[in-house]
Amino acid sequence: MTMDRGRLARSVSEFGRMYLGNRMGQAGLALLFIFIGMAALAPYLTPYDPMYTMQLANFRAKPQWLDPALPPNLYLITDPGLPSVAALGEWSLELTGGSSASWTGSEGYPGIPLVEEGSGPGAIEVTGEPSAEGTAVVERIYQYAYKPPRRFSVHLAYKAQVTGEATWSIQVLLRQSDGNLLELWSSGPRRGSQGWTVPRPQIDTNDAILRLRLFNDILGDASRMFPRGGEYGLVVRVSTVSEGGTVKVYLDDVSARIWGESFGLLGTDNYGRDIFTQLMHGSRISIIIGIFSAVIAVVLGVLVGLTSGYLGGWVDELAMRINDILLTIPGLPFLIVLTAVLGPTIWSVIILIGFLGWMGIARLIRSQVLTLKTKAFVEASRASGGGTWHIIRVHLVPNVMTMAYTQLALTVPGAIVTEAALSFLGLGDPFLQTWGKMLHDVQYYGAVAEWWWAVPPGLCIALLSMSFVFIGYALDDIFNPKLRGR
């Protein structure tokens, strides 16, 4: 037993020395380790979910390094929840008539269950004096120094408490760098009390009605609101008219966002999802599908090749005719049909690719077995009473395993490319982000010109496939004495 372990250790050591001495093997292993690192470290390299974390920036934002003049995500309000009186410091107040404004900790936007969280206690309280008219203007001034953005949104929560006869209204405006005021939203004159609520629809330049009202054009965007750098202001105007009663209007969770035209290392897709996150997580799926599918194909190929090659006769004839039939069936169309029938889950894709990839391996193993079974050591084992399965297990399997290892490495690239093709055609698992699905999105949304989105997944597919090809060729070079001696 000790001798066997020592021999095994020497064999492993010799194999490692020969493999590391092969430059192609070194390159393949280095590439593979890079992608394994991507797969393992994906949750730590990026905090986002590749499928469900959306609206990180504007849709199809460019990489941050591509053009520094493009605006990143800009949040104009530091403390939108107004948690303390100090939060009023970033606002300027202008009061006219019978109005007063102050911070209060007794009120706060509670949020909407299952929709958005509240901001907690703290709000701006605007009070209209009895039998008087007044206006409170709250403004946040901001210096903008980037190219024009495409999207701008404002969030606001408000509440009104009215006693007696009183009218109130709220306006949200944008003061442009030239002093022009754009009305983004208005509540209109209202009577009576109002619980906490938010404007509906949201104040967002993605809203076609808002664009039509501001620009008389539904195709306009926020670039007309921020045409150049300069000083801009977000203005909230509260007007009160008290006719013998009192009115208090509360403002909370006031925020404004210029949606980034640049984001991260590779920008965003059409849903504002991080492309770099998709690229990192896609390596996991490709490695899993490639290896598992290749294992299924190699196991089936070895079993069929061993059985048909050694037994011969009708078993060999039947196995090879089935093999020939499957080889004549177009692989990708057949996979498309089966995927549509069985469902596009990752495990059905793995099984289908594996079960449709064993035929070439079976023929290689069979040809090797046909040569081996005529060797003297096999004849000697048969003459000494060795049974069929004993000969296959003891003499044939060890001699074909080197070929099986090589074929395992060389089969993985085909499985990776096949899965990418299925995902590119829209037949992959819809709940998983893969490199093929990224290429599908590029084609579907007409983003071929955005090379930072189109090139990385295709390049990763090629490099990961190349790593296994290099490993397979290195193994073939090591296991095949004729190649090694060349």
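Residue by residue, here is whether (1) surrounded by fewer than 17 Cβ atoms within 10 Å (Cβ to Cβ); (2) within 14 Å of L174 (Cβ to Cβ); (3) free of Cβ contacts under 8 Å to residues at least 12 places away in the same chain; (4) more than 33 Å from the chain's Cα centre (by Cα) holds:
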residue: R200; (1), (2), (3), (4): yes, no, yes, no
residue: I203; (1), (2), (3), (4): no, yes, no, no
residue: R211; (1), (2), (3), (4): no, yes, yes, no
residue: E231; (1), (2), (3), (4): yes, yes, no, yes
residue: V238; (1), (2), (3), (4): no, no, no, yes
residue: D252; (1), (2), (3), (4): no, no, no, yes
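Determine whether the range 421-430 contains at least one residue that is aliphatic (A, V, I, L, M), part of a helix (DSSP H, G or I), out of contact with any strand residue (DSSP E or B) (no Cβ under 9 Å at 6 or more places or on another chain) and surrounded by 15 or more Cβ atoms within 10 Å (Cβ to Cβ). The answer is yes; a qualifying residue exists. Among the residues of the range 400-415, those identified as hydroxyl-bearing (S, T, Y) and more than 29 Å from the chain's Cα centre (by Cα) are T402, Y405, T406. M18 falls short on exactly one of the conditions (1) hydrophobic (A, V, I, L, M, F, W, C); (2) surrounded by 15 or more Cβ atoms within 10 Å (Cβ to Cβ); (3) under 30 Å from L266 (Cα atoms), and that condition is (3). Each residue in the range 74-124 was checked for being part of a strand (DSSP E or B) and charged (D, E, K, R), and 3 pass.
For every residue, the table says whether it meets (1) surrounded by 15 or more Cβ atoms within 10 Å (Cβ to Cβ); (2) in the same structural domain as L318 (by TED's automatic domain parsing); (3) of a type in the set (A, V, I, L, M, F, W, C); (4) part of a helix (DSSP H, G or I).
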{"residue": "F334", "(1), (2), (3), (4)": "no, yes, yes, yes"}
{"residue": "V337", "(1), (2), (3), (4)": "no, yes, yes, yes"}
{"residue": "A340", "(1), (2), (3), (4)": "no, yes, yes, yes"}
{"residue": "S348", "(1), (2), (3), (4)": "yes, yes, no, yes"}
{"residue": "L352", "(1), (2), (3), (4)": "yes, yes, yes, yes"}
{"residue": "R363", "(1), (2), (3), (4)": "yes, yes, no, yes"}
{"residue": "T371", "(1), (2), (3), (4)": "no, yes, no, yes"}
{"residue": "A380", "(1), (2), (3), (4)": "no, yes, yes, yes"}
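For the range 106-132, filtered to residues that are over 41 Å from the mean Cα position of the chain (by Cα) and surrounded by 13 or more Cβ atoms within 10 Å (Cβ to Cβ), the residue that is modelled with the lowest pLDDT is S131.
The values are calculated or read from the model by the stated rules, or taken from the named source; none is laboratory data. Model, not experiment: these values are computed from the prediction. Heads up, the Cβs are rebuilt from the backbone with ideal geometry, glycines too, and the neighbour counts pull from every protein chain shown.
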